[in-house]
Amino acid sequence: MLSQVWHFSLILGVSAAMACRQLPSGHQSNDAGSRSTQRSMTSEAMTIPSAEAANPPAADDASAPDASAEASVCNEQAAQEFLVNAHFNGRSISTAAARDEWKTAVARSIRYRTEQYGYFSGFGSQSWNPRLLRKQLHTTHFFGLPVRLHEKVIPALHCVEQALRQQCAEFPYQPHGLSGARDSNTYFDGDVSNHVYGIAIDIDPLANPCCNCIEPWRSSPRCQGKKTDFERMVMPACWVTIFERFGFYWLGHDTLKDTMHFEFLGDPDKIRRSQAP
């Protein structure tokens, strides 16, 4: 059974790498399914389940907070609205004016992410931040699994794990595969994937489908029929609540119905309680 999961994971990574976030210009539609972009995942970014996945090793990152601690070291904060509004799939783009408005939102989002997280070649200006993005990506651990993220948001993920262990124990869940930072952009609409910035994480892509993305997710039984957003995934709804408390945005409520995907859209300068609330 495990070998079948490995084989499926490899096929999924290769096929998904061919997909992009939005349809080419001139093919916009008000239909959420047709305008949803085919989000991408590379096999390099995907953590393929291993024989240790069922009983993953304890995290060895010394900077991770003690999950038994009572108080979080992080501020609670919401995702910033202007970053959420830059999502193509959260907007109805049926006119040239609407598209221009969205492009303006994307440009603002790219500048902000460049200033906060580093310069990604070909997007924005290095004068906004001379530090290269790729030099700020590091491997950390989440529920014992390695994942590569931006150094600024790693503390927020640690606080999420701490809160999950404390407050979602009634709904036990152990991830078996993670996808974090990517080295190449998978959007061709002028935007940059939050995976590139190292501020997005996919949890168990095989079990928590992106229902309006490419196959085989579209055909997943969890994507068929009338279901609530939470019924489309195996991950407990409690996890979404905790992630959102610490500045992450869940794409399960987006038109993509991307239940695996969380991205940090809070203010990275306000993550720690030692920083401004």
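Highest-first packing order for the peptide set 125-134, 75-84 is 75-84, 125-134, based on the mean count of other beta carbon atoms within 10 Å. The local environment of G118, defined by Cβ-Cβ distances under 12 Å, has a net charge of +3 under the rule Lys, Arg +1 and Asp, Glu -1. The listed peptides 160-172, 223-235, 248-260, ordered by packing as a protection proxy, come out as 248-260, 160-172, 223-235 (highest mean of other Cβ atoms within 10 Å first).
Wrap a convex hull around the Cα atoms of region 183-277, take a quarter of its surface area, and give that in square nanometres. Here the figure is 7.3 nm², rounded to one decimal. Ordering 206-218, 190-202, 103-115 by mean Cβ neighbour count within 10 Å, with the highest value first, yields 190-202, 206-218, 103-115. Subtracting the Cα-Cα distance of S274 and E215 from 0.36 nm times their residue separation leaves 16.8 nm of extension gain.
Taking 0.36 nm per residue of separation and subtracting the Cα-Cα distance, full extension of the segment from S127 to Y173 would add 12.2 nm. Taking 0.36 nm per residue of separation and subtracting the current Cα-Cα distance, fully stretching the chain between E81 and S184 would add 34.5 nm. Return the subset of K103/K135; K226/K257; K227/K257 for which the Cα-Cα distance in this structure is over 18 Å, preserving the input order. Over 18 Å Cα-Cα: K103/K135. Charged side chains reduced to their Cβ positions (Lys and Arg at +1, Asp and Glu at -1) give region 65-181 a dipole of some 680 debye around its Cα centre.
Quick note: the coordinates plus some simple rules give every number you see, no bench work behind them. Since the structure is predicted, the reported quantities are computational estimates derived from the model, not experimental observations. All Cβ positions, glycine included, derive from the backbone under ideal geometry; neighbour counts span all protein chains shown.
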